[in-house]
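For reference, the structure is listed below as structure tokens.
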Amino acid sequence: AALTGALRFQVSAALKEGRVTPTELCQKCLSLIKSTKFLNAYITVAEETALKQAEESEKRYRRGQPLGALDGIPVAVKDNFNTAGIETTCASNMLKGYISPYNATVVQKLLDQGAVLLGKTNLDEFAMGSGSTDGVFGPVRNPWSYSRQYKEKSVPKSHSEDKESNWVITGGSSGGSAAAVSSFTCFAALGSDTGGSTRNPAAHCGVVGLKPTYGLISRHGLIPLVNSMDVPGILTRCVDDAAVVLGSLAGHDPKDSTTIQDDFKPFELPDLTDVSKLSIGIPKEYHAPGLSSEILALWSKAADLFKNAGAKVIEVSLPHTCYSIVCYHVLCAAEVASNMARFDGLEYGHRSGMNKSTESMYAATRREGFNDVVRGRILSGNYFLLKQNYDNYFVKAQKVRRLIANDFVKVFRSGVDILLTPTTLSDAVPYMEFIKEDNRTRSAQDDILTQAANMAGLPAVNVPTALSERGLPVGLQFIGRSFQEKQLLTVAKWFEKQVKFPMIQLEEVKRHDHRGFQHQKSASFS
């Protein structure tokens, strides 16, 4: 039961009371990782290291000196965060075999709190994608593909249809982390969020996905995609847990000049009983082309839920939203071109055997090391940054970005506390359907509701809300004011309590491990 429990109130309590030991918890999670190997959620499993960390945690509990709520809690980290002694690949041939000499700040903070690092999770190559299907280690499978809820609703189109081809994607690019949390192999996982890469897979995998305010959590050691938008993201099974992890990670880091200077005080989320003083904004522009009628109905129902509870619900306008996806892709490609220049085969990572000249070695290294998606973004980014194009593309996109950020400022100044929007256009699509379209097209569709929060640097969280007609998770997104994570998560927690999202019933894993799951509402770890 501890395995499906919440960090905050059940697992930490069970560890403190000695009902379960950190080693038992770690072994159970490692066993589940093995029995869910078919999900391809993990790239590297650090079994030996994890068991040593669990052992150390056990000693602290015996002495009655746990380091905090995360001590002994199994966690996973997306494979674009540097981890000392554990391979960091970004799911790319370019970094296969690369072992960083240092830990990312967020990883170090987790370890300092006594968390047990189980391994590194799968992603799209260099986090460029929205399906977790484009990494060199293969696609991640959504745990809900193997749930009783989905299997009862999904009818094969023909008798000959291979049930194996019916599995759905996790979303991306932090799909491995979302799948790891959703399938109970860890209690919390780190993702990265540049345009929705934490919230998108959280919505598709039925977990909470938090993108904090830009600058609240250090990016040091996160292999950069878009420096001006990247934020470490947090994936957990409930909102309370996200607040616990945020409390451990947030605050100034001298190694990242973009982090806040002020001290961050961790907070406990209050139980909100009265929402009558809240003003919830419904941005009309988020009724985007391609939004499924099912999600539209759910969004409307959620707005009514707040209204009926006494909150003020008003339609608002973010007029520059229609330009945001184009603006995002120009800025994203430009920064990618700059960031990927470091992978030249000289300092670290893959190096081609081509030795005719330095230039031919550079070219061969990058051709062999990067996939088509990464090379495509580098090419388009360099095009936007050419002297003759710079003003027309990059500078113009920066100006539009400012207008988009100002839209949010105006709405929040008008008295709105929180914005409520869909997270994704639909529930998760089958893998075979997803790969019919190229990565660029898919990303433009899938990031449309999430990337504006990154461009404005605002905190946003996905809360799992209901199951679709196909038995798959659907989530809604709450966007808050800068550095107002406490208010944002308090409202998200209230909403989470109202909707009572069901726990996944993993048929496939039960066959591997019949003791693994007691079907109860998911709770938290501390």
Inset, instruction - Please work out the Cα center distance from segment 271-344 to segment 94-156, rounded to the nearest Å. - result: 25 Å
Legend entry - Other-chain or far-sequence residues with amide H under 5 Å of G119's (modelled H): A46, V77
Legend entry - Difference of contour (0.36 nm per residue) and Cα-Cα distance, Q398 to K497: 31.7 nm
Inset, instruction - Please calculate how many Å² of accessible area segment 230-288 carries per residue, with a 1.4 Å probe and no DNA, RNA or ligand atoms counted. - result: 43 Å²
Inset, instruction - Find the relative contact order for the chain and round it to a whole percent, using C-alpha pairs within less than 8 Å whose residues are 6+ positions apart. - result: 20 percent
Legend entry - GluC sites (Glu not before Pro) lying in DSSP loop within segment 316-380, provided at most 10 other Cβ fall within 10 Å: E347
Inset, instruction - Mind listing the long-range amide H neighbours of V313? Cut-off is under 5 Å, sequence gap 5 or more, other chains count too, H placed in the peptide plane at 1.01 Å from N. - result: I280
Legend entry - Simple spin-label estimate for E48 and S414 in nanometres, 7 Å along Cα-Cβ: 6.0 nm
Inset, instruction - Take every DSSP beta bridge whose two residues both sit in the chain, then give the antiparallel share in percent to the nearest 5. - result: 70 percent
Legend entry - Check: segment 183-277 dipole with +1 on Lys, Arg Cβ and -1 on Asp, Glu Cβ, in debye: 280 debye
Legend entry - In order through segment 221-234: 3J(HN,Hα) via Karplus (6.51 cos²θ - 1.76 cosθ + 1.60), integer Hz, x for Gly, Pro: x, 8, 5, x, 10, 10, 3, 7, 10, 4, 9, x, x, 10
Legend entry - Sparsely packed GluC sites (Glu not before Pro) within segment 429-501, loop by DSSP, other Cβ within 10 Å at most 16: E437, E469
Inset, instruction - Count neighbours as other Cβ atoms within 10 Å of each site's Cβ, and list the chymotrypsin sites (Phe, Trp or Tyr not before Pro) in segment 357-404 that are DSSP loop with at most 15 such neighbours. - result: Y390
Legend entry - Per principal axis, descending, Cα span of segment 245-334 in whole Å: 46, 43, 21
Inset, instruction - For the chain, give the percent of accessible area contributed by carbon and sulfur heavy atoms, probe 1.4 Å, rounded to a whole number. - result: 51 percent
Inset, instruction - Return a whole-number percent for the relative contact order of segment 330-399, with Cα pairs under 8 Å and 6 or more residues apart as the contact set. - result: 44 percent
Inset, instruction - State the extension gain, in nm to one decimal, for the chain segment bounded by K356 and S300, taking 0.36 nm per residue of separation less the distance between their alpha-carbons. - result: 13.9 nm
Inset, instruction - Name the shape class, rounded, prolate or oblate, that the alpha-carbon gyration tensor gives for segment 188-273, where a ≥ b ≥ c are the square roots of its eigenvalues, rounded holds for a/c under 1.5, and otherwise prolate holds if a/b is larger than b/c and oblate otherwise. - result: oblate
Inset, instruction - Kindly write out, for segment 209-216 in residue order, the coupling ³J(HN,Hα) from the Karplus curve 6.51 cos²θ - 1.76 cosθ + 1.60 (θ = phi - 60°), rounded to whole Hz, with x marking Gly and Pro. - result: x, 9, 9, x, 4, 4, x, 7
Legend entry - Per residue, the convex hull volume that the Cα atoms of segment 310-351 enclose (Å³): 124 Å³
Inset, instruction - Return a whole-number percent for the relative contact order of segment 347-499, with Cα pairs under 8 Å and 6 or more residues apart as the contact set. - result: 19 percent
Inset, instruction - Tell me which residues come under 5 Å, amide H to amide H, from D193 once H is placed; ignore anything under 5 positions away on its chain. - result: V231, G233
Inset, instruction - Pop the C-beta distance of T258 and R342 into the FRET formula with R0 = 25 Å and round what comes out to the nearest 0.05. - result: 0.85
Legend entry - Loop-exposed trypsin sites (Lys or Arg not before Pro) per DSSP, neighbour cap 14 Cβ within 10 angstrom, longest uninterrupted part of the chain: 20-156
Inset, instruction - For the chain, build the charge dipole from Cβ charges (+1 Lys, Arg; -1 Asp, Glu) around the Cα centre, then report which of N40, I282, N166 sits farthest towards its positive end. - result: I282
Legend entry - Karplus-derived HN-Hα couplings along segment 305-318 (A = 6.51, B = -1.76, C = 1.60, θ = phi - 60°), whole Hz, x at Gly and Pro: 4, 5, 4, 5, 8, x, 6, 8, 10, 10, 6, 10, 10, 10
Inset, instruction - Calculate for the chain the 222 nm mean residue ellipticity that helices alone would give, adding -39,500 (n - 2.57) per DSSP H run of length 4 or more and normalising by residue count, nearest 500 deg cm²/dmol. - result: -11000 deg cm²/dmol
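The values are calculated or read from the model by the stated rules, or taken from the named source; none is laboratory data. Because the structure is a prediction, the values reported are computed rather than measured. In this analysis, Cβ positions are derived from the backbone assuming ideal geometry, glycine residues included, and neighbour counts consider all displayed protein chains. Remember, those area values only see protein heavy atoms, side chains included, never the ligands or the DNA or RNA. Shrake-Rupley method; radii C 1.70, N 1.55, O 1.52, S 1.80 Å.
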